[in-house]
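Working notes, structure below.
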Amino acid sequence: MSILQVVKGCPIFYELYDEEIMKIVGFCRVLNLEPEDYIFKEGDEGNEIFLILQGAACVKKGDIEIAQLRKGDLFGEMVLLKENIRNADIVATQYTDILVLKYDDIFNFYKKDRKIFSILMLNLSRMLATRLNKAGKKIESLIITQKKAA
(Lines give C-alpha, C1' and ligand atoms only; values in the text may rest on other atoms or scores of the structure.)
Protein backbone atom coordinates (compact mmCIF):
# COMPACT_ATOMS: atom_id res chain seq x y z
CA MET A 1 0.00 0.00 0.00
CA SER A 2 1.38 3.43 -0.93
CA ILE A 3 1.81 6.41 1.40
CA LEU A 4 -0.95 8.18 -0.53
CA GLN A 5 -3.43 5.34 0.12
CA VAL A 6 -2.72 5.31 3.86
CA VAL A 7 -2.91 9.10 4.13
CA LYS A 8 -6.20 9.22 2.17
CA GLY A 9 -7.74 6.86 4.72
CA CYS A 10 -7.01 9.23 7.61
CA PRO A 11 -9.99 11.46 8.53
CA ILE A 12 -7.95 14.68 8.65
CA PHE A 13 -7.32 14.32 4.89
CA TYR A 14 -10.91 13.52 3.86
CA GLU A 15 -12.27 15.60 0.98
CA LEU A 16 -8.79 16.48 -0.31
CA TYR A 17 -7.73 15.49 -3.83
CA ASP A 18 -4.69 13.26 -4.34
CA GLU A 19 -2.66 16.21 -5.66
CA GLU A 20 -3.52 18.26 -2.56
CA ILE A 21 -2.55 15.41 -0.25
CA MET A 22 0.75 15.01 -2.10
CA LYS A 23 1.45 18.75 -1.59
CA ILE A 24 1.17 18.15 2.14
CA VAL A 25 3.13 14.88 2.12
CA GLY A 26 5.92 16.65 0.22
CA PHE A 27 6.77 18.56 3.41
CA CYS A 28 6.79 15.45 5.60
CA ARG A 29 9.46 13.02 6.66
CA VAL A 30 9.17 9.35 7.55
CA LEU A 31 10.37 8.11 10.92
CA ASN A 32 11.41 4.43 11.12
CA LEU A 33 11.04 2.88 14.58
CA GLU A 34 11.89 -0.40 16.23
CA PRO A 35 9.79 -2.11 18.90
CA GLU A 36 9.94 -0.24 22.24
CA ASP A 37 11.14 3.03 20.62
CA TYR A 38 9.41 6.06 22.09
CA ILE A 39 7.82 8.43 19.59
CA PHE A 40 7.41 10.89 22.44
CA LYS A 41 7.02 10.88 26.20
CA GLU A 42 4.45 12.52 28.44
CA GLY A 43 5.58 16.07 29.21
CA ASP A 44 7.72 16.41 26.06
CA GLU A 45 7.25 19.51 23.94
CA GLY A 46 6.51 18.94 20.29
CA ASN A 47 5.32 20.64 17.15
CA GLU A 48 4.49 17.63 14.98
CA ILE A 49 1.57 15.37 14.31
CA PHE A 50 2.08 11.75 13.33
CA LEU A 51 0.40 9.22 11.06
CA ILE A 52 1.22 5.52 11.26
CA LEU A 53 2.05 4.26 7.77
CA GLN A 54 2.74 0.71 8.90
CA GLY A 55 3.24 -1.02 12.20
CA ALA A 56 1.66 -0.20 15.56
CA ALA A 57 2.16 1.78 18.75
CA CYS A 58 0.51 2.09 22.12
CA VAL A 59 -0.57 5.11 24.14
CA LYS A 60 0.49 4.84 27.79
CA LYS A 61 0.02 6.88 30.94
CA GLY A 62 2.60 5.53 33.34
CA ASP A 63 2.21 1.74 33.31
CA ILE A 64 -1.37 1.85 32.02
CA GLU A 65 -2.02 1.23 28.32
CA ILE A 66 -4.77 3.57 27.16
CA ALA A 67 -5.04 2.72 23.47
CA GLN A 68 -3.50 0.84 20.56
CA LEU A 69 -2.62 2.74 17.38
CA ARG A 70 -2.43 1.05 13.99
CA LYS A 71 -1.81 1.84 10.35
CA GLY A 72 -3.75 4.96 9.35
CA ASP A 73 -4.10 6.32 12.90
CA LEU A 74 -3.22 9.96 13.49
CA PHE A 75 -1.97 11.22 16.85
CA GLY A 76 -0.42 14.32 18.35
CA GLU A 77 -3.02 16.47 16.58
CA MET A 78 -3.58 18.67 19.64
CA VAL A 79 -0.41 20.49 18.58
CA LEU A 80 -2.53 22.06 15.83
CA LEU A 81 -4.47 23.80 18.61
CA LYS A 82 -1.19 25.02 20.16
CA GLU A 83 -1.19 22.31 22.84
CA ASN A 84 2.47 21.41 22.44
CA ILE A 85 3.00 19.52 25.71
CA ARG A 86 2.45 15.79 25.18
CA ASN A 87 -0.17 14.18 27.44
CA ALA A 88 0.98 10.55 27.24
CA ASP A 89 3.78 8.27 26.11
CA ILE A 90 3.55 6.81 22.62
CA VAL A 91 5.69 3.68 22.14
CA ALA A 92 6.17 1.57 19.01
CA THR A 93 5.07 -2.02 19.65
CA GLN A 94 6.60 -3.38 16.45
CA TYR A 95 8.67 -2.13 13.52
CA THR A 96 6.76 1.02 12.60
CA ASP A 97 6.98 3.73 9.94
CA ILE A 98 5.44 7.07 10.81
CA LEU A 99 4.74 10.10 8.65
CA VAL A 100 5.75 13.26 10.54
CA LEU A 101 3.94 16.53 9.75
CA LYS A 102 5.21 19.76 11.31
CA TYR A 103 2.86 22.38 12.71
CA ASP A 104 4.50 25.16 10.67
CA ASP A 105 4.18 23.23 7.40
CA ILE A 106 0.46 22.74 7.96
CA PHE A 107 -0.15 26.34 8.97
CA ASN A 108 1.86 27.64 6.00
CA PHE A 109 -1.02 26.37 3.86
CA TYR A 110 -3.04 29.25 5.31
CA LYS A 111 -0.93 31.52 3.08
CA LYS A 112 -0.24 29.09 0.22
CA ASP A 113 -3.56 27.32 -0.27
CA ARG A 114 -6.46 28.31 1.96
CA LYS A 115 -8.70 25.57 0.58
CA ILE A 116 -6.32 22.86 1.81
CA PHE A 117 -5.89 24.64 5.15
CA SER A 118 -9.64 25.06 5.61
CA ILE A 119 -10.38 21.40 4.87
CA LEU A 120 -7.63 20.25 7.26
CA MET A 121 -9.01 22.43 10.07
CA LEU A 122 -12.61 21.36 9.41
CA ASN A 123 -11.55 17.71 9.46
CA LEU A 124 -9.53 18.29 12.64
CA SER A 125 -12.66 19.74 14.27
CA ARG A 126 -14.67 16.72 13.18
CA MET A 127 -12.04 14.30 14.50
CA LEU A 128 -11.88 16.04 17.87
CA ALA A 129 -15.68 16.20 18.14
CA THR A 130 -15.88 12.45 17.47
CA ARG A 131 -13.23 11.71 20.09
CA LEU A 132 -14.94 13.99 22.61
CA ASN A 133 -18.26 12.24 21.98
CA LYS A 134 -16.66 8.80 22.49
CA ALA A 135 -14.97 9.99 25.69
CA GLY A 136 -18.29 11.33 26.98
CA LYS A 137 -19.99 7.99 26.33
CA LYS A 138 -17.16 6.14 28.05
CA ILE A 139 -17.44 8.40 31.11
CA GLU A 140 -21.21 7.90 31.17
CA SER A 141 -20.73 4.13 31.01
CA LEU A 142 -18.22 4.23 33.88
CA ILE A 143 -20.60 6.31 36.00
CA ILE A 144 -23.47 3.89 35.36
CA THR A 145 -21.21 0.92 36.22
CA GLN A 146 -20.07 2.66 39.40
CA LYS A 147 -23.64 3.42 40.48
CA LYS A 148 -24.70 -0.20 39.90
CA ALA A 149 -21.78 -1.44 41.99
CA ALA A 150 -22.62 0.89 44.87
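The values are calculated or read from the model by the stated rules, or taken from the named source; none is laboratory data. This structure is a prediction, so every number in the text was calculated from the model and none was measured. Counting neighbours? That spans all protein chains shown, and the Cβs are built from the backbone with ideal geometry, glycine included.
Of these, Glu15, Glu83, Glu20, Glu77, which one is under 15 Å from Leu124 (Cβ atoms), surrounded by 15 or more Cβ atoms within 10 Å (Cβ to Cβ) and not hydrophobic (A, V, I, L, M, F, W, C)?
Exactly one residue qualifies, and that residue is Glu77.
I need the full set of residues from the stretch 45-64 which are at pLDDT below 95 and surrounded by fewer than 17 Cβ atoms within 10 Å (Cβ to Cβ), in order please.
Answer for the stretch 45-64, where residues must be at pLDDT below 95 and surrounded by fewer than 17 Cβ atoms within 10 Å (Cβ to Cβ): Glu45, Asn47, Lys61, Gly62, Asp63, Ile64.
Could you check, for the stretch 9-17, whether at least one of its residues is among the small types (Gly, Ala, Ser) and either in contact (Cβ under 8 Å) with a residue 60 or more places away in the chain or in a strand (DSSP E or B) (or both)?
yes
Got a sec? Which strands (runs of 3 or more DSSP E) wholly within the stretch 43-150 have at least 1 residues that are of a type outside the set (A, V, I, L, M, F, W, C) and touching a helix residue (DSSP H, G or I) at 6+ places or on another chain (Cβ under 8 Å)?
Output list reads 48-54.
Out of Val6, Val30, which single residue is surrounded by fewer than 17 Cβ atoms within 10 Å (Cβ to Cβ) and outside any loop (DSSP other than H, G, I, E, B)?
Residue meeting the stated conditions: Val30.
Return the only residue of Arg126, Arg131 being in contact (Cβ under 8 Å) with a residue 12 or more places away in the chain, over 20 Å from Leu4 (Cα atoms) and surrounded by fewer than 16 Cβ atoms within 10 Å (Cβ to Cβ).
Arg126
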